[in-house]
Amino acid sequence: MAVKPKPRTILEPFAESAVDSSSSPIKHAALSKLSDDQTLIYIGNISGVLLLYSLRTSQTSPPQIAFVRRLALPGTGALNSIHPLVHIGKIIVLVDGYLYLIDSNLLEQPKRISLFKGVTAFSRKFRSRSYGSTLYSNGDGQANYVHRNGDSVDGKSFFAVGIGKKLVLAELILSGSLVILKEIQGIFDGIIMTVLWFDDYVFLGTKNGYYLYNCVNGRCELIFSLPDSSSLPRLKLLAKESRVLLMVDNVGIVVDVEGQPVGGSLVFKEAPDSVKDIGSYVTAARNLMLEAYHKKTGFCVQRIMFGNGGAGPCMLADEESENGKLVAVATSLKVGFLLLFDLHFKEAVDHFLLSENMQPSELFPFIMPDPNRWTLLVPRNRYWGLHPPPKPLENVIDDGLTSIQRAVFLKKAGVESAVDEEFLRNPPSRAYLLESAIENMTRYLQACRERDLAISVKEGVDTLLMYLYRALNCVDDMESLASSENSCVVEELEALLNDSGHLRTLAFLYASKGRSAKAVSTWRVLARKYSSGSYHNEQSEETNLQDPSRKFILNREAAAIEASKILEESPDQDLVLQHLGWIADINQFYTFTVTDEVIAAIDPKKVDILQRYLQWLIEDQDSDDSQFHTTYALLLAKSALETFDVELSTQDSVNEMNASEHGRSSIFDTPVRERLQIFLQSSALYDAEEVLEMIEESELWLEKAILYRRLGQETLVLDILALKLEDFEAAENYCAEIGRPDAYMQLLDIYLDPKDGREPMFKAAVRLLHNHGEMLDPLKVLERLSPDMPLQLASDTILKMLRARHHHHLQGKIVHKSSHALDVDASLARMEERSRHVQINDESTCDSCHARLGTKLFAMYPDDSVVCYKCYRRQGESTSVSGRDFKRDILLKPGWLVTR
């Protein structure tokens, strides 16, 4: 299998502009190059509206795309195709089955071309530079080839028109009419859906297949038929190679002017919405993704994503010239934002909801001003060339109202503007617009909660949704969101809810986030306010909580009920005792039962019970309170110190037995020191410095090594493991955990210079060199070695280390050269595979369904099996008739490397 080439930059952004398609999806686009510094861009949408933009380039200023004019064409159908005719300053468009001739600047009214009705396909005649036919040159013998988009040497323009099952060849005369030269009908199976006239050949596509009509001898042949379930046929001229691309679903078949396949086919990732030609590459657009494929290799060399991918129309336009360098990409990607800035909030949100690629974070700046917690989530400067930068809704509305006032003034002066006529007749109020904006933003964020979003985006959606609920004073919605599972960021909402007096919502929010202490304290404050009558909320007397069948009155009892529910589930007995009094004062029924065992566990003098209680909280209740973890670690450390002191002071066997019994906790089955070591290694929530302070002057070296490791004190850990414990394996494992060569060198230094008057640890150093010599620099090792070290101890290890490094170096060179040879071999094999030929005759049949191939489109697998295109689509491109999956069971063929 050949190695795919690295992505390359073939297409670069040149200029961009907003496209006002009136919320209607774009249907077609075309380019018309007037000069080296000016190109006209035509864009048509499904509503039959034609937009004209002008692209100007200059060496002294950046390129700019300017909107020129908008023209609504007659009829209600979509604008299917646009054909610029630069040499006469006209364009021909196909709308609703009729052809219209329009001046290139869209200044005049469209002129409908008579004699043609029900047109289904339309193409002007393209000519290669070697073309010299005199079929329609009236005997003048001039070569009618095309220099640029629509330019011809003799000024004549010929067209092929598909009308149902009839093909018409015509010439455009100066009066603006088409003169019919020839009509062909009765030989095409199906309605003509696409047509392309190149030199003396006309390519046609119907639902049933592709046809080729010869203008010289009048013969029409079927190139190949199409399966019933295939997508609509599409033709594209490859001007540079004088070839034609025939699309079948996601496969592009390249044929010459006589309809014969040449070279390999182009396989796109999906069936593209639009295919265009630029130099040595074919560009394809699908779902807001633009891809560039090399014509010869068939590889995709570049991908450009508009927005965040997803679904959406994406139309391409090229110069239709062998020297063309421009490709225009037209999308309706940001219509929603244009509607939003035009104060059409409902329509904007409707568009956002239909867009799969729209991200909620793109609307965050409209709700909360930058900078904020989610500023970095917002795409920066990605679409600001298509619409103004994001800003708070209040500013959007103020700017919009200013534009409306300016437009009203200009209209009185007789100057037209782009402001909605309805706003001019009945200007809306700021309060109405703000309410509409907030309601529709709320509607969008509510829908986003059902999507699978990143955690940070979920936090932004829920937090800002709470902001919007507060702005609309939707108390029920606020409490419902706060009491349910949510991703709100409490720190962003505390001040807002406190200042606005929505303490119930804040209490529910604390409880949903597991902040029981703050939640119960908030309910206590509410109970006091209810008692004093100082708490007034605009909510009704009764409020529906999570269960619609349960209703509670807003009073002290409601606060006590909610607080008691939190305390019943809380393992924090201190919190229970702290708030038990005021809840019992309200209603004795809600008093909690606090057992004597739990109260005794709070007594710090009863160490065993306190350890048991903390163990239950941490191991059984999965408590992540750092205070509990620290207290538990300190208790274990204190017990371990006592045990260690007893063991040191005990000498006889009786005392040793007593010490052993004392060292084992009555609660735990393992010794205290071992349990302390396990807890210090497993928990990351205790305060390591506080525990270390307790045992720092003791001989608990392993425990201190664990704590120093937690604090990142690598040198102290290595000193303890190597010198105090002399656990060389543990020291080497710790170096491996660090993963840096300098850690091994540091350990070697400790072995060679242990300090405090100790002799060098040569055997440990040799062990380190033997086990991990590849992690050490030989030169630095030789520098570190002491002259007093016996040579016979280290010579073999150092020699082996040097040989190993030299071996790895040579081995790497061999692997590099072998990989290069395999890559060359694979590329050569792929080239040979793409240049293979297969001969099909009248007796050839499909290896799968055994139907005669005839003129059908067929495919050939790497194992030389041939199937019709219908079977190919059913089986897929990786599995042949034999059932072999080439992606899993790769077919290897001998190459020059193997045969040699």
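The values are calculated or read from the model by the stated rules, or taken from the named source; none is laboratory data. For clarity, every value in this text was computed on a predicted model and none was experimentally measured. A quick note on method: Cβ atoms are made from the backbone with ideal geometry, for glycine too, and the neighbour counts reach across all protein chains shown. Note: accessible area is taken over every heavy atom of the protein model, side chains too, but ligands, DNA and RNA are not part of it. Shrake-Rupley method; radii C 1.70, N 1.55, O 1.52, S 1.80 Å.
Could you list, in sequence order, all residues of region 856-876 that are of a type in the set (D, E, K, R) and either crowded, with 19+ Cβ neighbours inside 10 Å or over 25 Å from residue 832 (Cβ atoms) (or both)?
856, 870, 873, 874
Would you be able to tell me the number of residues in region 451-486 that are outside any helix (DSSP H, G or I), over 16 Å from residue 439 (Cα atoms) and open to solvent by 30 Å² or more (accessible area, probe 1.4 Å)?
The total comes to 5.
I'd like the full set of residues that are in contact (Cβ under 8 Å) with a residue 60 or more places away in the chain and β-branched (Val, Ile, Thr), limited to region 465-521.
Passing the criteria: 475, 489.
I'm trying to understand the selection: among the residues of region 707-758, which are closer than 22 Å to residue 673 by Cα, among the hydrophobic types (A, V, I, L, M, F, W, C) and within 42 Å of the chain's Cα centre (by Cα)?
Hits for region 707-758 are 707, 711.
As an exercise: evaluate residue 721 against (1) free of Cβ contacts under 8 Å to residues at least 24 places away in the same chain; (2) over 30 Å from residue 631 (Cα atoms) and give the number of the one condition it does not meet.
(2) is the only condition that residue 721 fails.
So for region 803-815 (the condition being surrounded by 13 or more Cβ atoms within 10 Å (Cβ to Cβ) and within 17 Å of residue 264 (Cα to Cα)), does at least one residue qualify?
No, because not a single residue in region 803-815 is surrounded by 13 or more Cβ atoms within 10 Å (Cβ to Cβ) and within 17 Å of residue 264 (Cα to Cα).
Would you check which residues across region 440-450 are surrounded by 10 or more Cβ atoms within 10 Å (Cβ to Cβ) and either without any contact (Cβ under 8 Å) to a residue 40 or more places away in the chain or touching a Cys at 6+ places or on another chain (Cβ under 7 Å) (or both) and list them?
442, 446, 449, listed by residue number.
Search region 24-38 for residues that are free of Cβ contacts under 8 Å to residues at least 24 places away in the same chain and pair each with any residue that is crowded, with 16+ Cβ neighbours inside 10 Å and of a type in the set (Gly, Ala, Ser) when their beta-carbon atoms are under 9 Å apart and the residues are at least 6 apart or on different chains.
Filtered contacts from region 24-38: 38/54.
Within region 206-217, take every residue that is assigned to a loop (DSSP other than H, G, I, E, B) and free of Cβ contacts under 8 Å to residues at least 24 places away in the same chain and give me the one that is surrounded by the fewest Cβ atoms within 10 Å (Cβ to Cβ).
Across region 206-217, the extreme among qualifying residues is 217.
Test each condition in (1) open to solvent by 80 Å² or more (accessible area, probe 1.4 Å); (2) not in a helix (DSSP H, G or I) for residue 411 and report the one that comes out false.
(2)
For region 16-64, which residues satisfy the criterion of being in a loop (DSSP other than H, G, I, E, B), within 18 Å of residue 107 (Cα to Cα) and either at pLDDT 90 or above or not small (Gly, Ala, Ser) (or both)?
none
Residues in region 487-501: is at least one open to solvent by 40 Å² or more (accessible area, probe 1.4 Å), assigned to a loop (DSSP other than H, G, I, E, B) and either modelled with pLDDT under 95 or of a type in the set (Asp, Glu) (or both)?
For region 487-501, residues open to solvent by 40 Å² or more (accessible area, probe 1.4 Å), assigned to a loop (DSSP other than H, G, I, E, B) and either modelled with pLDDT under 95 or of a type in the set (Asp, Glu) (or both): absent.
So, in region 69-89, of the ones that are open to solvent by 60 Å² or more (accessible area, probe 1.4 Å) and of a type in the set (Val, Ile, Thr), which residue ends up farthest from residue 13 (Cα to Cα)?
So the residue we want is 76.
If a residue must be of a type in the set (Lys, Arg) and at pLDDT below 85, how many such residues does region 866-887 contain?
1
What tally of residues in region 44-66 results from selecting those that are open to solvent by 10 Å² or more (accessible area, probe 1.4 Å) and either of a type in the set (A, V, I, L, M) or over 17 Å from residue 82 (Cβ atoms) (or both)?
14
Determine if region 834-841 includes at least one residue that is outside any loop (DSSP other than H, G, I, E, B) and of a type outside the set (S, T, N, Q).
Yes.
Please list, ordered by first then second residue, the pairs with beta carbon atoms under 6 Å, 6 or more apart or interchain, first in region 59-77 and over 22 Å from residue 329 (Cα atoms), second modelled with pLDDT of 85 or more and charged (D, E, K, R).
Once the first residue is over 22 Å from residue 329 (Cα atoms) and sits in region 59-77, its partners that are modelled with pLDDT of 85 or more and charged (D, E, K, R) give 75/96; 77/96.
Within region 831-855, how many residues are over 21 Å from residue 253 (Cα atoms), of a type outside the set (A, V, I, L, M, F, W, C) and loosely packed, with under 15 Cβ neighbours inside 10 Å?
Total meeting the criteria: 3.
Can you name every one of the helices (runs of 4 or more DSSP H) wholly within region 710-759 that holds 2 or more residues which are open to solvent by less than 60 Å² (accessible area, probe 1.4 Å) and at pLDDT below 85?
It comes to 741-752.
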